[in-house]
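Take a look at the structure set out below.
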Amino acid sequence: MITRRLLLAAPLALLPRLAHAGDLVDETPRPIDFSVRDRDGRAVGPRDLSARLTLVHFWASWCGSCRVEFPALDAFQREMGREGVKVAAVSLDRLGWDAIDRTVEKLAIRDLALFHDPNRDAARALDVVGLPTTVVMDRDAREIGRITGQGAWDDPTFRDRLRALMPTPS
């Protein structure tokens, strides 16, 4: 009986670890290109957002889990910004800046850099399939990680995993 269970379970051990929602999944660095809009309608690309570590966070005002995590993400930016992290919060709201502004005001968001992807072109370019999704980008505009679902923004272990992706200061 035990041998049969082991034989059935053994192939499962060979499968890669499946990611859970909100897990940081490291990626082989790959160049990415996209364009979002700032409040003035100017196009902003990956090089414009470059920091020691940039988190391109896709969200929408109608996304319940996005709204739940947004205050923690704002606090994360406030605290980790000192270490060279930049969060670029990219809204997919079709109603534009009115919906974005209402949401950030209601949630008292103060420290996130806000952008808009009105036609969802950036989301498509980065293969965003659900919200929230955060693409982790290095200073060379390469995707080096991804978080699908709510991140554990206030968890010290999660933050340490992000720090490990950062280059050492020069």
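Number of residues in the range 111-139 that are surrounded by 13 or more Cβ atoms within 10 Å (Cβ to Cβ), free of Cβ contacts under 8 Å to residues at least 40 places away in the same chain and of a type in the set (Asp, Glu): the value is 1. Could you check, for the range 114-121, whether at least one of its residues is at pLDDT 95 or above, closer than 21 Å to Arg159 by Cβ and either in contact with a helix residue (DSSP H, G or I) (Cβ under 8 Å, 6 or more places away or on another chain) or part of a helix (DSSP H, G or I) (or both)? Within the range 114-121, none of the residues are at pLDDT 95 or above, closer than 21 Å to Arg159 by Cβ and either in contact with a helix residue (DSSP H, G or I) (Cβ under 8 Å, 6 or more places away or on another chain) or part of a helix (DSSP H, G or I) (or both). Every test in (1) touching a residue at least 24 places away in the same chain (Cβ under 8 Å); (2) within 24 Å of Asp26 (Cα to Cα); (3) hydroxyl-bearing (Ser, Thr, Tyr) is passed by Thr157 save one, and that test is (1). From the list Asp93, Asp101, exactly one residue is touching a helix residue (DSSP H, G or I) at 6+ places or on another chain (Cβ under 7 Å) and among the acidic types (Asp, Glu). Which is it? On inspection, the qualifying residue turns out to be Asp93.
Residue-wise test of (1) over 22 Å from Pro71 (Cβ atoms); (2) part of a strand (DSSP E or B); (3) not polar (S, T, N, Q).
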site: Thr134; (1), (2), (3): no, yes, no
site: Met137; (1), (2), (3): yes, yes, yes
site: Ile147; (1), (2), (3): no, yes, yes
site: Gly151; (1), (2), (3): no, no, yes
site: Asp154; (1), (2), (3): no, no, yes
site: Thr157; (1), (2), (3): no, no, no
site: Arg161; (1), (2), (3): no, no, yes
site: Met166; (1), (2), (3): yes, no, yes
site: Pro169; (1), (2), (3): yes, no, yes
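The values are calculated or read from the model by the stated rules, or taken from the named source; none is laboratory data. Keep in mind that what you see is a predicted model, and the values were worked out from it rather than measured. For neighbour counting, all protein chains shown are included, and Cβ atoms are generated from backbone atoms with ideal geometry for every residue, glycine included.
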